[in-house]
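The next block holds one structure in the form of structure tokens; read it before the comments.
The values are calculated or read from the model by the stated rules, or taken from the named source; none is laboratory data. Small disclaimer: the values here were computed from a predicted structure and weren't measured. Glycine gets a Cβ as well: all are built from the backbone with ideal geometry, and neighbour counts include every protein chain shown.
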Amino acid sequence: MNATIADRLQPIAQALHAIAQGGPAPARRSSRRRAVAVGGCRVRPVRGAARRAALRVIGRVARACSCGMSGEPPHRLGCGYDEALTRGAACGNYPHKRNVIHSLHVETKLVSEELCAVLRQVDPAVFVFRDEPEVRARVDRVVSRLRELVVAAERDDAGGALDRLRERLRALLAAVERATPTRTPSPKAAWIAFQREVQPAYESLLLTLRGVVAAPPSVRPTNHARSLWHVGSGLAVLGLVQLLPERTWLAAVSGAFAAVAWSLEIARRVSEPVNDRLMRLFRLVAHPHERYRVNSSTWYMTALFLLALFGTRLSQSLAVVVLAVADPAAAFIGRRFGRTRLRDGRSLEGTLAFFVAGALSSLLVMWALGPASLSSRLLLAGVAGLAGAATELFSTRLDDNFTIPVAVATAVTIAGAG
């Protein structure tokens, strides 16, 4: 009887898995997604919330398979999709242990997405007191699912392939349980502390997921000290661009800073104590995810070196001021007033704020630099603001502290030449 149940459920699990993964790509562009045959069923690929729901159903079906084989009731089994696939593999239904590893990473990704939403909801720029019951409910769900994942990872080590994931799941679970605030008269401060303590463990888990599945995005919390540093350093560089007499001077200074920055990056990768010291030194202005990635300041110094080599004084000035002023403005407006989501957590309101702030700051710099026609000033200011806003919106792989100055300088140079 148990084998019969498993045989009947296996095609269903395969069909749901094909739905969640999207099925084979169609040979030509079409407004309709092509149905595919899996396990004797005709299924149509889905995306978004339907895909996540399908993945959850897969876990329940696989759990039913292993419950039927073991004779244990579902509420006593206490396993997730990973453990179900492991038990199914022993009976020949799921022969590849690679599926066990991948499925646990998929379940971890879903929990990480929920936690990402929580961390954004408790950001000091958007948190309100009436949201606290919802936040607590979501945190309870995250804790419950993290415990299930830790149990699943401990039951099958998959030949040591899950050691790192298991370790980081435990660290994240401990951080969430430790940081969840009790009832307090000042909940906003307590949830800000929760975000600050949980986010490093969250970023560490994302680092493990990225090698297997498409991980959720990093969370960039509101950091007023970082925003002030952003504006101040940008204005200092703008003054440096104007005061240094020749291009070679700017290239030498920016190249020296870039060389030091990349040397520190190499030292951080070689030595964990060095990484810890640098993160503590710059804790007021560094994002938690920069512990595991190249620091934004390093990318900024690299961009300045390229601008010094190939840019004009005007393009260098506009590139620096757009990044210095428009990026913090977009972050402030997007977090507080952003309602229309575009991509990767960015909003229409924040992007429009970037364009306006970039164009106005560019116009002010050109007015201060010397005489020019109003039409040329308006054109170059609009080009600078638009190039910066578009680049910031689509910068996902490379740091926008590198892409924005390079894109703005390139666009201004082309527009000025035309």
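Report whether or not T222 is within 20 Å of the chain's Cα centre (by Cα) and in a loop (DSSP other than H, G, I, E, B). When the stated conditions are applied, T222 passes them. Look at segment 357-375: where a residue is in the same structural domain as A324 (by TED's automatic domain parsing) and surrounded by 12 or more Cβ atoms within 10 Å (Cβ to Cβ), no partner that is part of a loop (DSSP other than H, G, I, E, B) and acidic (D, E) sits 6+ places away or on another chain with Cβ atoms under 6 Å. Within segment 316-353, the set of residues being assigned to a strand (DSSP E or B) and either within 28 Å of F305 (Cβ to Cβ) or of a type in the set (G, A, S) (or both) comprises R346, S347. Exactly one residue out of P216, P181 is assigned by TED's automatic domain parsing to the domain that holds L110 and closer than 18 Å to V135 by Cβ: that is P181.
Here's the yes/no breakdown for (1) farther than 24 Å from S297 by Cα; (2) at pLDDT below 90:
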{"position": "L342", "(1), (2)": "yes, yes"}
{"position": "P371", "(1), (2)": "yes, yes"}
{"position": "L374", "(1), (2)": "yes, yes"}
{"position": "T391", "(1), (2)": "no, no"}
{"position": "L398", "(1), (2)": "no, yes"}
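Any residue at all in segment 262-282 that is closer than 18 Å to A326 by Cα, surrounded by 15 or more Cβ atoms within 10 Å (Cβ to Cβ) and assigned by TED's automatic domain parsing to the domain that holds A409? Within segment 262-282 (the criterion being closer than 18 Å to A326 by Cα, surrounded by 15 or more Cβ atoms within 10 Å (Cβ to Cβ) and assigned by TED's automatic domain parsing to the domain that holds A409), the answer is no, since none of the residues qualifies.
Cβ-Cβ below 8 Å, separation at least six or inter-chain, first residue in segment 195-206 and free of Cβ contacts under 8 Å to residues at least 60 places away in the same chain, second surrounded by fewer than 19 Cβ atoms within 10 Å (Cβ to Cβ) and outside any helix (DSSP H, G or I): which pairs? These pairs meet every condition: R196/P221. Per this entry, L284 is not counted among residues that are part of a helix (DSSP H, G or I), on the phi < 0 side of the Ramachandran plot and touching a helix residue (DSSP H, G or I) at 6+ places or on another chain (Cβ under 8 Å).
A quick yes/no check of all residues on (1) in contact (Cβ under 8 Å) with a residue 24 or more places away in the chain; (2) touching a strand residue (DSSP E or B) at 6+ places or on another chain (Cβ under 6 Å); (3) under 30 Å from P133 (Cα atoms):
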| residue | (1), (2), (3) |
| --- | --- |
| H224 | no, no, yes |
| S227 | yes, no, no |
| E246 | no, no, no |
| A267 | no, no, no |
| V274 | no, no, no |
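For segment 192-219, a residue qualifies if it is assigned to a loop (DSSP other than H, G, I, E, B) and touching a Cys at 6+ places or on another chain (Cβ under 8 Å), and the qualifying residues are P216, P217, V219. When V126, V139 are checked against the criterion of being in the same structural domain as F194 (by TED's automatic domain parsing), modelled with pLDDT of 75 or more and crowded, with 16+ Cβ neighbours inside 10 Å, V139 stands alone in meeting it. Scanning segment 166-180 for residues being buried (at least 18 other Cβ atoms within 10 Å of the Cβ) and either closer than 23 Å to V106 by Cβ or more than 25 Å from the chain's Cα centre (by Cα) (or both) gives a total of 7. Answer yes if at least one residue in segment 236-243 is surrounded by fewer than 16 Cβ atoms within 10 Å (Cβ to Cβ), closer than 22 Å to L369 by Cα, touching a residue at least 24 places away in the same chain (Cβ under 8 Å) and assigned by TED's automatic domain parsing to the domain that holds L318, and no otherwise. Yes, segment 236-243 contains at least one residue that is surrounded by fewer than 16 Cβ atoms within 10 Å (Cβ to Cβ), closer than 22 Å to L369 by Cα, touching a residue at least 24 places away in the same chain (Cβ under 8 Å) and assigned by TED's automatic domain parsing to the domain that holds L318.
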